[in-house]
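The block underneath contains the structure these notes are about, expressed in structure tokens.
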Amino acid sequence: MAFCPRVFPFTVTFLGVILDIVLTSTSAGVCPQPQPAPNAEFFKSESVFVGEVLSETPEVVQGDVLPQGWFYQLRVEKTFRGPALKTLSVYTEDTNARYPLKVGEKYLLFAHQDEGRLSINSCGNSNRLSEAAGAIDAIEAIKHAGPYGEVEGRVQTKSEAAGIPGVRVIASRGKRSYSAITVQDGWFKLRVPPGMYKLTIQSPTLFVEPQDSVYNYDDPDHFLVHRGGSVHFEYLAWPR
């Protein structure tokens, strides 16, 4: 979940003068990069649906100047994932990754479970319904997908972020394995049957390690590929 420290007022007395100080942080909410594909975020979400915003309620804790977040009540028009309910409540936290909704507007929302409530943010594919045709097409395509999912990503230099071609990538599941070679810009893509996999990188001339969790939503040593879904990994490499 995106993180941004809250703003807290406090009072300091110095040389008989009372100063009201608001301590702010330049830290911002951080969204994972790159943005997940709709058919990747779909399987990470608790609920994916189209709904119309009925109301907005700020969450104000006693003593706070600003809301900690906002709750939105929506009338559900179509459910793609999760319980098919007539209404749903979603929450967006007051961080730079918050996703404010407008009463009366319709949205496609990808909501995840957080502290017992459905939460949304601006990091993924949630969007106004009028701008969500591509994401909806990708979601609808999942049920028509063949018996496979995709594993894709990029291997790049640690210093200059330039793509590295010619690196072998292997997705293994038990005794079966599937491999690909990175192309000129360092990208790779594998089509594999659904199941649990481990991804390894083979290069006689490079040390290769996965990027941190900001770039990798899954653990390359143990990840699940869904039918019609996709998994993305980013790797850094440097000479041996």
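Readers should treat all values here as calculations from the given coordinates under stated rules, not as data from a laboratory. All of these numbers come straight from a predicted model, not from anything done at the bench. Counting neighbours? That spans all protein chains shown, and the Cβs are built from the backbone with ideal geometry, glycine included.
Between GLN202 and GLU105, the simple label model (points 7 Å from Cα in the Cβ direction) yields a spacing of 5.0 nm.
Placing a pseudo-label 7 Å from each Cα along the Cα-to-Cβ vector at GLU56 and VAL30 gives an inter-label distance of 2.9 nm. Computed over segment 113-182, the P(r) curve from all C-alpha pair distances, binned at 10 Å from the origin, holds 13, 25, 31, 29, 3 percent per bin. With N the number of residues in segment 149-239, Rg(Cα) / (2.2 N^0.38 Å) evaluates to 1.01. Take the alpha carbon gyration tensor of segment 38-142, find the square roots of its eigenvalues, order them as a ≥ b ≥ c, and report rounded if a/c is under 1.5; if not, report prolate when a/b exceeds b/c, else oblate. It comes out prolate by the Cα gyration axes. Of the labelled figures (i) 19.1; (ii) 18.1; (iii) 13.3, only one reflects mean projected area of the Cα convex hull in nm² as derived from the coordinates, namely (ii). Taking the DSSP beta bridges with both ends in segment 126-240, the antiparallel portion is around 75 percent.
In this simple spin-label model, placing a label point 7 Å from the Cα along the Cα-to-Cβ direction at both ARG117 and ALA84 gives a separation of 2.8 nm.
A straight Cα-to-Cα reach below 17 Å connects LYS175 with the lysines LYS198, residues fewer than 8 places away in its own chain not being considered.
Computed from the C-beta positions of GLU77 and TRP187, the FRET efficiency with R₀ = 51 Å rounds to 0.90. Computed from the Cβ-Cβ distance with R0 of 30 Å, the FRET efficiency linking ARG240 to ALA145 stands at 0.15. Helix 133-142 and the long axis of the chain differ in direction by around 50°, with both axes built from C-alpha atoms. Peptide packing for 182-190, 130-138 was compared via the average number of neighbouring C-beta atoms within 10 Å per residue; ordered from the highest value, the list is 182-190, 130-138.
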